[in-house]
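Asker: Okay, here's the structure, questions in a sec.
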Amino acid sequence: MQMSSREKLVTVGIADLKFVESPHTIRTSGLGSCVGIVIYDLSKQIAGLAHIMLPDSSLSKQANINTYKYADTAIAYLLRYLQARGVSRFQLKAKIAGGAQMFPNQLTSEVMRIGPRNIESVEALLKKNNIPIVSSDVGGNSGRTIVFNPQTGALTIRTVNKGETVI
Amino acid sequence: MSDDLSNLENDILREIGNIGAGNATTSMASLMNKEINMEVPYVHLLTINEIMDIVGGPEEIIVTTFFKVEGDITGTVYFLLSLEEATSIVREMLKDDTIEINVLEELDEMVMSVLKEVANIVVGAYISALADFTKINIQTTVPFLSIDMAAATLVTGLIEFSRESDHAILIGSEFSGQEVKKHAQSHFLLVPDFDSIPTLFRALGVHADE
């Protein structure tokens, strides 16, 4: 990918969340059972990306909940921040990727089902908030690295064995 | 428990890693009939993102086998192999130098079962040394195997853990059966749940929470 020096690639870690505005792009690496949630407004060319690990903050045993780790708290934070930036809620759209089962055929424990549970939770939460999911690439058995461009709304997905796709 | 480990606690955990990985390396060397070099063990308190840097970053392709630890202590034990190391193991075990190891979806059933079996033997040696040393009951589940980006595979073994903490204590050691060291290294990695750390110390006669 060619980029001028003024265009930055913002990197989001695991259980992390960041925002980006055009001309910059935003990436998160190695989504397995985790889900990458992009919420964006194409008219303002702004986007937030969360890399969540778990479906719901009620699972937390921590005194201080890490907002970015759970689907419910991360999505609430994305929406709150974008609205504080003057983005209309009705302009917001979403793209999601991840939620794989990295250890297939071993569904004996709930932990091994965490990918599908993350997807279900993210989809339900976005629906509840009336944020349409424009496209998604979820499930399967492969890790994904994703890059979002807030200027075009393109979400580029790279896996180890299937190369790159754009959704 | 506090977020910091005292020097004594650090030394004890390092010794636990040393004993486990030492035995595991010996068992691997005899299984493979070749020399396996083990580096000095390390003990780190790391965030989940920092853990990825140990194996060369979140996108590094590694062969991950992990077992859940059960019994008097709980946690996860990882047997992490670079692609080179895994390839060399499978070639040696199946006496076939044409085998290439790629991502999991394209993995031959036989290759997969060899990798799991080696992990079983080697991690079994790690855990039994640990159980002998601490005199506590430690068992493991069946192995879980995946080959993909580090972040995608390592996180699965830490899901339960991540409900309790944003940090984990890693007791690890690098090893290599390769003559030329590559960027991505192979590791034994024990990640005890926080509740189990005092149990380990008590078993060794050290009282951590005075």
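The values are calculated or read from the model by the stated rules, or taken from the named source; none is laboratory data. Given the structure is predicted, the values throughout are model-derived calculations rather than measurements. Counting neighbours? That spans all protein chains shown, and the Cβs are built from the backbone with ideal geometry, glycine included. Protein only, heavy atoms only, side chains kept; ligands, DNA and RNA dropped before computing areas. Shrake-Rupley method; radii C 1.70, N 1.55, O 1.52, S 1.80 Å.
Asker: Hey, any hits in region B:111-133 for a residue that's open to solvent by less than 10 Å² (accessible area, probe 1.4 Å) and outside any helix (DSSP H, G or I)?
Answerer: Checking region B:111-133: not a single residue is open to solvent by less than 10 Å² (accessible area, probe 1.4 Å) and outside any helix (DSSP H, G or I).
Asker: State yes or no: is A:Gly99 within 10 Å of chain B (Cβ to nearest Cβ), buried (at least 24 other Cβ atoms within 10 Å of the Cβ) and within 16 Å of the chain's Cα centre (by Cα)?
Answerer: Criteria not met by A:Gly99.
Asker: Would you pick out the residues in region B:1-11 that are part of a helix (DSSP H, G or I) and either out of contact with any Phe, Trp or Tyr (no Cβ under 8 Å at 6 or more places or on another chain) or modelled with pLDDT of 90 or more (or both)?
Answerer: Result: B:Asn7, B:Leu8, B:Asn10, B:Asp11.
Asker: Within region A:77-95, is even one residue within 29 Å of B:Phe66 (Cα to Cα) and assigned to a loop (DSSP other than H, G, I, E, B)?
Answerer: No, region A:77-95 contains no residue that is within 29 Å of B:Phe66 (Cα to Cα) and assigned to a loop (DSSP other than H, G, I, E, B).
Asker: Looking at region B:149-161 only, could you name the residues that are at the interface with chain A (Cβ under 7 Å from one of its Cβ atoms), crowded, with 24+ Cβ neighbours inside 10 Å and under 15 Å from A:Met112 (Cβ atoms)?
Answerer: Matches in region B:149-161: B:Ala152, B:Thr153, B:Val155, B:Thr156.
Asker: Now for a separate question. Being in a strand (DSSP E or B), more than 27 Å from B:Val111 (Cβ to Cβ) and among the charged types (D, E, K, R) is the filter here; which residues of region B:35-81 pass it?
Answerer: First, the residues of region B:35-81 that are in a strand (DSSP E or B): B:37-38, B:42-47, B:61-71, B:75-81.
In the following step, the residues that additionally are more than 27 Å from B:Val111 (Cβ to Cβ) were identified as B:42-47, B:70-71, B:75.
Of everything in region B:35-81, just one residue is in a strand (DSSP E or B), more than 27 Å from B:Val111 (Cβ to Cβ) and among the charged types (D, E, K, R), namely B:Glu70.
Asker: Listed residues A:Tyr81, A:Tyr40; which is surrounded by fewer than 23 Cβ atoms within 10 Å (Cβ to Cβ), aromatic (Phe, Trp, Tyr) and more than 25 Å from B:Phe144 (Cβ to Cβ)?
Answerer: Sole residue among the options that is surrounded by fewer than 23 Cβ atoms within 10 Å (Cβ to Cβ), aromatic (Phe, Trp, Tyr) and more than 25 Å from B:Phe144 (Cβ to Cβ): A:Tyr81.
Asker: Which residue, of B:Val69, B:Val40, is more than 14 Å from chain A (Cβ to nearest Cβ), out of contact with any Cys (no Cβ under 7 Å at 6 or more places or on another chain) and β-branched (Val, Ile, Thr)?
Answerer: B:Val40 is the lone residue from the list that is more than 14 Å from chain A (Cβ to nearest Cβ), out of contact with any Cys (no Cβ under 7 Å at 6 or more places or on another chain) and β-branched (Val, Ile, Thr).
Asker: Give just the number: which of (1) farther than 21 Å from A:Ala154 by Cα; (2) facing chain B (nearest Cβ under 10 Å); (3) open to solvent by less than 30 Å² (accessible area, probe 1.4 Å) does A:Ala74 not satisfy?
Answerer: Status for A:Ala74: all satisfied but (2).
Asker: Let me ask something else. Just to be sure before I move on: is A:Val138 open to solvent by 10 Å² or more (accessible area, probe 1.4 Å), more than 10 Å from chain B (Cβ to nearest Cβ), closer than 23 Å to B:Gly157 by Cβ and β-branched (Val, Ile, Thr) in the structure I sent?
Answerer: yes
Asker: Among the residues of region B:36-54, which ones are open to solvent by 60 Å² or more (accessible area, probe 1.4 Å), within 23 Å of A:Ser29 (Cβ to Cβ) and in contact (Cβ under 8 Å) with a residue 12 or more places away in the chain?
Answerer: Within region B:36-54, just B:His44 meets the criteria.
Asker: Which residue is most open to solvent (accessible area, probe 1.4 Å), if the candidates are limited to region A:103-120 and must be modelled with pLDDT of 90 or more and within 14 Å of chain B (Cβ to nearest Cβ)? Write out each step before concluding.
Answerer: Applying the first criterion (modelled with pLDDT of 90 or more) to region A:103-120 yields A:114-120.
Filter once more, keeping what is within 14 Å of chain B (Cβ to nearest Cβ): A:114-118.
Working: A:Ile114: 5, A:Gly115: 0, A:Pro116: 30, A:Arg117: 57, A:Asn118: 0 Å².
By that ranking, first place goes to A:Arg117.
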